[in-house]
1. With 10 angstrom as the radius, rank S33, S42 by how many other C-beta atoms surround their C-beta, starting from the fewest.
2. Once both labels are modelled 7 Å past Cα along the beta-carbon direction, what's the D50-T10 spacing in nm?
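Derivation of every value follows stated rules applied to the coordinates shown; laboratory data play no part. Because the structure is predicted, anything quoted here is derived from the model rather than measured. Virtual Cβ from ideal backbone geometry, glycine too; neighbours counted across all protein chains shown.
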Amino acid sequence: MARKKKKTNTKPNVNPELEGFDIKIDTFGEIQSSFNIDKINSFLNKHVEDKKLKDRNDLPKDNGEEDGDLKERD
């Protein structure tokens, strides 16, 4: 009995904030993206925990910074 081919979606399921995101590498090795790098970094800062920084005591757990805004420290 022949195997049935599975239908593959050409577009993966993504978070609604990243709808329309597309990334490609051109022939020169440069990254071409449909989103601004600052928007991507902001999304990652909100949704992904940085494993290298999780055990540091000098950083607040929930810093409340959004969109790359840096707060001055005294």
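1. S33, S42
2. Label at D50, label at T10, 3.8 nm between them.
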